[in-house]
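Trainee: Attaching a single structure in structure tokens format; questions to follow.
The values are calculated or read from the model by the stated rules, or taken from the named source; none is laboratory data. Bear in mind that the values here come from a model prediction, so they are computed numbers and not experimental data. Quick reminder, even Gly has a Cβ in these numbers, built from the backbone with ideal geometry, and neighbours come from all protein chains shown. Quick note on the areas: whole protein, heavy atoms, side chains included, nothing else; ligands and nucleic acids left out. Shrake-Rupley method; radii C 1.70, N 1.55, O 1.52, S 1.80 Å.
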Amino acid sequence: MHLYLRENPRTIYLVTSSQEETTGRPRRVLVFRAAEDNPYQAVVEFLHKDQVNLSNTVRLTSRVVKGCLGLICVTDDLFLAVITSATEIGNTRPSADSPESVAKIHEVNFYCLTSSVWDDLSLIGDSLPSPTYVEQVDVMALREPRDSYQQNNAQPPMFEHPCAALKKILSSGSFYYALAPHWDISSRLAERLSRDPGAGEADLGAFDDRFVWNEYIARSLLDFRERLDMQDREDLDRCQFIILAIQGYVGMFPIPLPAPPTDGAPTIATLSLISRLGAKRAGTRFNTRGVDDDGNTANFVETETILITEHHCFSYTQVRGSVPLFWEQQGLQTFGQKIQITRPQASQPAFERHFAYLTEQYGYIHAINLLGSKDAEASLTAAYARHLQTAKGVWGDDIGITHYDFHQAVRMAGHDNVMRDLTRLSSVADNMDRFGFTMCDATSDEIITEQKGVFRTNCLDCLDRTNFVQDILSRTSLEQYLLLVRREWVNSNSMWSHHRELWAENGDALSRIYAGTGALNTSFTRSGKRTFAGVLSDATKSVSRAYINNFQDKGKQIAIDMFLGNLSNQAQVTIFDPIHDSVRAVLDSRLSEYSTTKTCTIFIGTWNLNGRPPSESLLPWLFPRETLPEPDIMVIGFQEIVPLTAQQIVQTDPEKKRVWENKIAETLERRPNKKGDYILLRSEQLVGTALIVFVKSELTAVIRNVEATKCKTGLRGMSGNKGAVGIRLEYYDTSFCFITAHLAAGHGNIAERNADYWTIVNGLHFLRGKTIGSHEYVFPAWLVVLSDPSIFHHSNVIWLADANYRVDLDNTSVRAYAEDDALDMLFAADQLNFVMSSGAAFSGYLEGPILFRPTYRYDVGTDDYDTSEKIRIPAWTDRILFRGSKLDLSVYSRAELRGSDHRPVYAAFRATVHVIDHAKKAVLGRLLAESVASMAPGETLEEKLATLTFSYSDDRKSGSLNVWNTSYSSSPSAAAKLGDGGVVGDTRSSKRRRSAISTR
């Protein structure tokens, strides 16, 4: 196919070529242009070639285009992503009626629908030999482009294409797609055969969204495809305009195997390996670890070994993935591992979600944990074992684990020892027999035996050690199959040399994606021997990894998140459709029909500890009043949790934070009138500043996306003696951001404190582009919202800080006013009050009425303000500020604890959180869309949607949500049949018809 451009209006045409048409593809054109009033919307048409006049167009590229990956908006411009270079890998299943061939993507280009500014940049590298693109990324800008659309005297561009980072990732040689629309490369063989045996060609819309990497940018095109009539949809699929790509590795070899004695001709088998890298928690080595709240793990890969003979198709599946706990590696990582389990007491819900979808997908699960038994890896192993033991209470013997210290085994007796040990371990050997493999008839596709479970292997990165062990498991299973069908094939040298080569290439490919270099140990995987050259190569790779992962991967992570639609400020491109656009707007306006609200209570406390350990009961601070309900969430901020010495600034002691965590946990456990348990959700420390969050244990399943970050402000951002720590979370469908900070000291340093505030606001970054400001959503002007925007995106930000703002009065007056409780006089001279009023800092934040004396500075252990030589002026340095229309302040006061030179401050809030029933929302959306089809003559779309009303019946026991239309319509055919067999009814008739849709 070819790509053409016409200006005024700017339109791009994807057109089938005459050569493709001779092979049976329809003569069709896919037309793209940007919508006029919405920067995130495109207009797409699927036309016959005869309906389009291409005489006034120009070729955008001299390359033959292989297909379209989707549409994406970058820097307010709309881009079409197309594959401009790909090569066929081979046919993974020669025995099938139609070839199941795979192509590797070498180059992807992005063409702008909204501006011609980027046209020349899109053409850079148009004449490069694309199969070696992965080796020539940096050469692209140096080669002179050659294309009819570019002027001969064009100068090299002085700035970068906005999609350059996306192009680099997609053109890395790690993406693959099916060369024909009739088969789904994202799904393993057993899954494809079990979907609809005998149904013929697969539906392009039926794919495994865990492994399709361009699902986010292709979603609008897939929705467009669904709205086409059956014939147009078939034509669109046959044209293969829409490509669904996986990332990972695909390799294959034809293998001659000995023939039976009665036939001298050898049997030609095809050995293939397909690794599908998960897209749900994607990223680079040090930036993406562990599990997310949906149960997706980093570097999750499904690997399928396939052997095709003239009689049978053999398939064996394994998975790998990061340890499914909340853990990360922060800061500069060298060759020692700095592992932090960030939610040690709140990982079980996510852990169980991970194993729930594994058991749903694959059946029995047996984990093989290859982590070491010493140092940092040992803590992960222990936590893994505890969580799996708890999960066995749900799944029993359906899940299990084997701990095997890979490095220890290699140190003891070399890599050969691993191969011997694994197959001798009863837990592994027994499950090899229990799980089996998938085998089907090569002619009829009838499944003879199906794999009943998988091994889930992990090490720290799930790369080198994991690949080595998976190679062994793959060979063991393949041997079992060969012994069953043709025993002499087990001794085929060609079979096992190609098997080793495939797994070595697989290890290198997956390692380059996640860590930036090839895998370690692949020299042994290829040859079965450990050589000096292999040892030297591994050392070089280790050094390269350390540099790449520490200094280059953050930019790559941002590009990955952008491509997958994970950035907080991204909007997904939609395709203009008046009916569906109106339905979406109405659905947003009817939020109350599929959501409810809950009230939660939040305790906030802040205390500058002056570097001192616990010395008294915390009950007067954490539970100050019997009339206050037990909070759902407790957020505690400390400043100077360690003395701010040079040694602590350079290398902070985390033990002090652990001491205070234990003290808080002990207080919670021993509180009077205890009604439930609390668990430590998350904590984070920046030198002396620490933030600790406890929640009720029953809430861990509904609190998600917990993240922590920190920002230095001391010495112009280089020192952590001053700065901030932030923790954000989502409670149901409402987000909260908590920030504890220690701003610049000194009575007159107001400007420095203001500057610290703005440094924190601009520099405190959470994952995927989220900032403090992203908790306050501003709707774009083009989006019509028919209800209160605060319903959708809340601004719940709470600062609990030693803000260090002082009182601008003389010492004698301040002390006298404080003694007399003349707090209004003091507050009138409060620096923070002035700063907030002028908008110099904390603009838009609120603070409760200050009805307590200044909290700084006291003689430790007394109620006397500072009597030292400096005789500091008392001040309200310790403050709690908040922003959020749904936050209701109940109490704001201080506690009389004397263990520091500050008094702790606390506040209690009641917050309204929204709970969206996503199943009900989906049902309502379908009903709205289907009801539009029953419009009466002369009835407008707006009138129809405005008058539709629905009733709901939620049967939790049966897992069904019953929704039926109770509106009136003048149309006698106002019933539209739903996919699940229900109908939308019209109450003007004598019967009310129900639509029962399962939400299990």
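Trainee: Yes or no: SER885 in a loop (DSSP other than H, G, I, E, B), open to solvent by less than 10 Å² (accessible area, probe 1.4 Å) and not charged (D, E, K, R)?
Mentor: When the stated conditions are applied, SER885 does not pass them.
Trainee: Between LEU484, LEU473, which is of a type in the set (A, V, I, L, M) and either touching an Asp or Glu at 6+ places or on another chain (Cβ under 8 Å) or open to solvent by less than 20 Å² (accessible area, probe 1.4 Å) (or both)?
Mentor: Step by step, each of LEU484, LEU473 is checked, and only LEU473 is of a type in the set (A, V, I, L, M) and either touching an Asp or Glu at 6+ places or on another chain (Cβ under 8 Å) or open to solvent by less than 20 Å² (accessible area, probe 1.4 Å) (or both).
Trainee: Could you please find all residues in region 433-456 being open to solvent by 10 Å² or more (accessible area, probe 1.4 Å) and within 23 Å of TYR384 (Cβ to Cβ)?
Mentor: Within region 433-456, just ARG434 meets the criteria.
Trainee: Only one of THR402, THR423 is in contact with a helix residue (DSSP H, G or I) (Cβ under 7 Å, 6 or more places away or on another chain), open to solvent by 20 Å² or more (accessible area, probe 1.4 Å) and under 21 Å from GLY453 (Cα atoms); which?
Mentor: Every option except THR423 fails the conditions.
Trainee: Looking at region 672-682, which of its residues are open to solvent by 10 Å² or more (accessible area, probe 1.4 Å) and either in a helix (DSSP H, G or I) or not β-branched (Val, Ile, Thr) (or both)?
Mentor: PRO672, ASN673, LYS674, LYS675, GLY676, ASP677, TYR678, LEU680
Trainee: Sticking with this structure for a sec: One residue is enough: does region 457-467 have a residue meeting the conditions more than 30 Å from SER171 (Cα to Cα), touching a residue at least 24 places away in the same chain (Cβ under 8 Å) and open to solvent by 10 Å² or more (accessible area, probe 1.4 Å)?
Mentor: No; the residues of region 457-467 include none that is more than 30 Å from SER171 (Cα to Cα), touching a residue at least 24 places away in the same chain (Cβ under 8 Å) and open to solvent by 10 Å² or more (accessible area, probe 1.4 Å).
Trainee: If you scan region 336-364, which residues turn out to be at pLDDT 90 or above, over 28 Å from GLN451 (Cβ atoms), part of a loop (DSSP other than H, G, I, E, B) and open to solvent by less than 40 Å² (accessible area, probe 1.4 Å)?
Mentor: Result: THR342, ARG343, ALA346, SER347.
Trainee: Return the residues of region 643-663 that are more than 18 Å from GLY723 (Cβ to Cβ) and without any contact (Cβ under 8 Å) to a residue 24 or more places away in the chain; say none if nothing qualifies.
Mentor: If the condition is that a residue be more than 18 Å from GLY723 (Cβ to Cβ) and without any contact (Cβ under 8 Å) to a residue 24 or more places away in the chain, then GLU655, ARG658, ASN662 are the ones that fit.
Trainee: Quick one: which residue in THR627, THR597 is within 30 Å of ILE798 (Cα to Cα) and in a strand (DSSP E or B)?
Mentor: THR597
Trainee: How many residues are in a strand (DSSP E or B) and over 35 Å from the mean Cα position of the chain (by Cα) when one looks only at region 888-909?
Mentor: Qualifying residue count for the region: 7.
Trainee: Within region 573-585, restricting attention to residues that are touching a Gly at 6+ places or on another chain (Cβ under 9 Å) and open to solvent by less than 30 Å² (accessible area, probe 1.4 Å), which residue is farthest from LEU924 (Cα to Cα)?
Mentor: Ranking the candidates gives VAL573 first.
Trainee: Run down ALA206, ALA202 and say which single residue is open to solvent by 30 Å² or more (accessible area, probe 1.4 Å), at pLDDT below 90, closer than 30 Å to THR438 by Cβ and under 25 Å from the mean Cα position of the chain (by Cα).
Mentor: Residue meeting the stated conditions: ALA206.
Trainee: Which one of the conditions (1) in a loop (DSSP other than H, G, I, E, B); (2) at pLDDT 90 or above; (3) open to solvent by less than 10 Å² (accessible area, probe 1.4 Å); (4) closer than 25 Å to THR517 by Cβ does THR284 fail to meet, given that it meets all the rest?
Mentor: (2)
Trainee: Follow-up question, since we're still on this one. Just to be sure I understand, how many residues within region 1-19 are open to solvent by 30 Å² or more (accessible area, probe 1.4 Å) and among the charged types (D, E, K, R)?
Mentor: 2
Trainee: Out of the residues in region 371-406 that are of a type outside the set (Ser, Thr, Tyr), more than 25 Å from the chain's Cα centre (by Cα) and outside any helix (DSSP H, G or I), state the one that is farthest from ARG434 (Cα to Cα).
Mentor: Once the filter is applied, the top-ranked residue is LYS374.
Trainee: Taking only region 684-705 into account, find how many residues are assigned to a strand (DSSP E or B) and either free of Cβ contacts under 8 Å to residues at least 40 places away in the same chain or more than 19 Å from ILE798 (Cα to Cα) (or both).
Mentor: So the count comes out to 2.
Trainee: Quick test of your reading of the structure: GLY264 fulfils all but one of (1) within 30 Å of LYS338 (Cβ to Cβ); (2) at pLDDT below 90; (3) open to solvent by 10 Å² or more (accessible area, probe 1.4 Å). Name the failing condition by number.
Mentor: (1)
Trainee: So in region 600-624, with the set limited to residues that are part of a strand (DSSP E or B) and of a type in the set (S, T, N, Q), which one is surrounded by the fewest Cβ atoms within 10 Å (Cβ to Cβ)?
Mentor: THR601
Trainee: Please count how many residues of region 718-737 are at positive phi and free of Cβ contacts under 8 Å to residues at least 12 places away in the same chain.
Mentor: Looking only at that region, the number is 0.
Trainee: Right, another one. Quick one: which residue in ALA42, ALA34, ALA81 is more than 21 Å from LEU228 (Cα to Cα) and either of a type in the set (A, V, I, L, M, F, W, C) or surrounded by fewer than 18 Cβ atoms within 10 Å (Cβ to Cβ) (or both)?
Mentor: Matching residue, one of ALA42, ALA34, ALA81: ALA81.
Trainee: Does LEU644 fit the bill of being modelled with pLDDT under 95, in a loop (DSSP other than H, G, I, E, B), crowded, with 18+ Cβ neighbours inside 10 Å and not small (Gly, Ala, Ser)?
Mentor: yes
Trainee: Which of (1) under 30 Å from ALA269 (Cα atoms); (2) touching an Asp or Glu at 6+ places or on another chain (Cβ under 6 Å) does TYR316 not meet, given it meets every other one?
Mentor: Every condition holds for TYR316 apart from (2).
Trainee: Being in a loop (DSSP other than H, G, I, E, B) and surrounded by 19 or more Cβ atoms within 10 Å (Cβ to Cβ) is the filter here; which residues of region 830-844 pass it?
Mentor: Listed by number, the residues that qualify are ALA841, PHE842.
Trainee: Of the residues that make up region 297-311, is at least one in contact with a Phe, Trp or Tyr (Cβ under 7 Å, 6 or more places away or on another chain), assigned to a helix (DSSP H, G or I) and either touching a residue at least 40 places away in the same chain (Cβ under 8 Å) or crowded, with 18+ Cβ neighbours inside 10 Å (or both)?
Mentor: no
Trainee: May I pose another question? State all residues of region 50-72 that are open to solvent by less than 40 Å² (accessible area, probe 1.4 Å) and either among the β-branched types (Val, Ile, Thr) or at pLDDT below 95 (or both); if no residue qualifies, say none.
Mentor: The answer is VAL52, THR57, LEU60, THR61, ARG63, VAL65, ILE72.
Trainee: Examine region 648-656 for a residue that is at pLDDT 95 or above, part of a helix (DSSP H, G or I), open to solvent by 60 Å² or more (accessible area, probe 1.4 Å) and more than 16 Å from SER683 (Cβ to Cβ), and state whether such a residue exists.
Mentor: No, region 648-656 contains no residue that is at pLDDT 95 or above, part of a helix (DSSP H, G or I), open to solvent by 60 Å² or more (accessible area, probe 1.4 Å) and more than 16 Å from SER683 (Cβ to Cβ).
Trainee: All but one of (1) part of a helix (DSSP H, G or I); (2) at pLDDT below 95; (3) open to solvent by 20 Å² or more (accessible area, probe 1.4 Å); (4) not charged (D, E, K, R) hold for VAL418; state the number of the condition that does not hold.
Mentor: Tallying (1) part of a helix (DSSP H, G or I); (2) at pLDDT below 95; (3) open to solvent by 20 Å² or more (accessible area, probe 1.4 Å); (4) not charged (D, E, K, R), VAL418 fails exactly one: (3).
Trainee: Please specify each residue of region 903-931 satisfying the condition of being within 30 Å of SER890 (Cβ to Cβ), of a type in the set (Lys, Arg) and open to solvent by 40 Å² or more (accessible area, probe 1.4 Å).
Mentor: ARG910
Trainee: Tell me the strands (runs of 3 or more DSSP E) entirely within region 32-95 that contain at least 3 residues that are within 28 Å of the chain's Cα centre (by Cα).
Mentor: Fully inside region 32-95 and qualifying: 67-74, 77-91.
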